[in-house]
Structure formats: C-alpha cells, structure tokens
Amino acid sequence: QGDAVKTPRTGPWSEAGIRRRFISPELVSGIVLVSVVIAVANPGGGIGDVFAITILSTLVFWATEVFAHTVAAQRRRSNEEPVQLMVSLQFALKESRGFLYAAVLPTIFLLLGLFGAHDGEFAYWIALWVQVVLLGVIGWIAFGAQGLRWYWRLCGTLATAALGLLAIGLKVFVH
C-alpha cells in the first residue's frame, strides 16, 4: 500500500479520502446537535451567551460520547480478557472527534459576531445555515460512488441537509 500512487481520486483530499477520514456518525449527529443547541439558545441574551452555551454543550456531549465509546468497547471482550482501559480510551477519542469537528464552523461565525465583525443576529443565523450547508456537503461526499446515479446522490445530499433544516424548524417553533 505504501507504493500506491496517490491520484486526485484516491489521495487524502479526494472525496474517498475525506469520506474515510472525516465522515462519521459522530460528525453528522454532532452537527445536528450543535445546530439544535444554537437553535434553542436565546439570541436575545446576546451572541456571547449563544457562543458559551454552544461550546459548553458540545464539550459535555463530546465527553459523554468518549465515555460511551469507552464503556461500549468493553462489550467486545469476554470475562476472561483483561480490561484495556487505555486502548478503549484511545479508540473512543479517535471515534468521537467528529463531535468536536461539528462545532468548528458555527463557533467561528459566532466568534465573528461576538467580536463585532458581524452583527450578532447575522452571526447566529449564519452559524445555523452553515451547518445545513455542511450537512449537504457531507451527504454529497458520503453518497459519491461509481455507479450511483446522480439523482440518488442528490437525494442523499438533500436528506442529509434536511437534518439541519429540522434544527432551524425547531428554532422557529421554540422562539
């Protein structure tokens, strides 16, 4: 494998490379979770409150995900096998990183609003909509394959993006 030629279709930044390295259940659920947190946070309290709630909620859910992966890793061993806590924890940290990635883009926009580069309300809405777009991109990459008709790929893209739209719908319903 070390001698394999990296072409634009197989390199680390190709669709396949990105799909293997980044697309995960944790990334998708993390994006939806961060979107819901932002959506239900009250922007009337200021963009700083939304930013703090988003960061703290993401960290709490990420820690929960790490713990859940660590605990769930124990199901694969028999009672005669020793508990390999560090191995389980390393696996858990790797598997749960999508939760942290999920918060990067919206928190950048919330920070821009916090520091006055954008109006707070504008930053709030951009943070929500960027998640919808990101989910769409994830869907496009996830459903990219030879032999898959373009309209099925588009359906997968729209269905994935719709998860973010549900969060925006929740925002409209709650506030």
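The values are calculated or read from the model by the stated rules, or taken from the named source; none is laboratory data. Just so you know, these numbers come straight off a predicted model, no measurement behind them. Cβ: placed from backbone, ideal geometry, glycine included. Neighbour counts: every protein chain shown. Just the protein is used for accessible areas: all its heavy atoms, side chains included, with ligands, DNA and RNA removed. Shrake-Rupley method; radii C 1.70, N 1.55, O 1.52, S 1.80 Å.
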Exercise. Determine, yes or no, whether Gly30 is surrounded by 15 or more Cβ atoms within 10 Å (Cβ to Cβ), touching a Ser or Thr at 6+ places or on another chain (Cβ under 8 Å) and not β-branched (Val, Ile, Thr).
Key: yes
Quiz prompt | Check on Tyr124, surrounded by 15 or more Cβ atoms within 10 Å (Cβ to Cβ) and in contact with a Pro (Cβ under 8 Å, 6 or more places away or on another chain) | solution = yes
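Here is a yes/no grid of residues against (1) of a type in the set (Gly, Ala, Ser); (2) modelled with pLDDT under 95:
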{"residue": "Ser14", "(1), (2)": "yes, yes"}
{"residue": "Ile18", "(1), (2)": "no, yes"}
{"residue": "Ile23", "(1), (2)": "no, yes"}
{"residue": "Val34", "(1), (2)": "no, no"}
{"residue": "Ile47", "(1), (2)": "no, yes"}
{"residue": "Ile53", "(1), (2)": "no, no"}
{"residue": "Ser57", "(1), (2)": "yes, no"}
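Here's the yes/no breakdown for (1) surrounded by 13 or more Cβ atoms within 10 Å (Cβ to Cβ); (2) over 18 Å from the mean Cα position of the chain (by Cα); (3) of a type outside the set (Val, Ile, Thr):
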{"residue": "His69", "(1), (2), (3)": "yes, no, yes"}
{"residue": "Ala72", "(1), (2), (3)": "yes, yes, yes"}
{"residue": "Arg77", "(1), (2), (3)": "no, yes, yes"}
{"residue": "Pro82", "(1), (2), (3)": "no, yes, yes"}
{"residue": "Ser88", "(1), (2), (3)": "yes, yes, yes"}
{"residue": "Phe99", "(1), (2), (3)": "yes, no, yes"}
{"residue": "Leu105", "(1), (2), (3)": "yes, no, yes"}
{"residue": "Phe109", "(1), (2), (3)": "yes, no, yes"}
{"residue": "Leu114", "(1), (2), (3)": "yes, yes, yes"}
Self-check item: Enumeration of residues in segment 38-66 that are within 20 Å of Glu121 (Cα to Cα) and either open to solvent by less than 20 Å² (accessible area, probe 1.4 Å) or not in a helix (DSSP H, G or I) (or both)
Solution: Ile38, Ala39, Ala41, Asn42, Gly46, Val50, Thr54
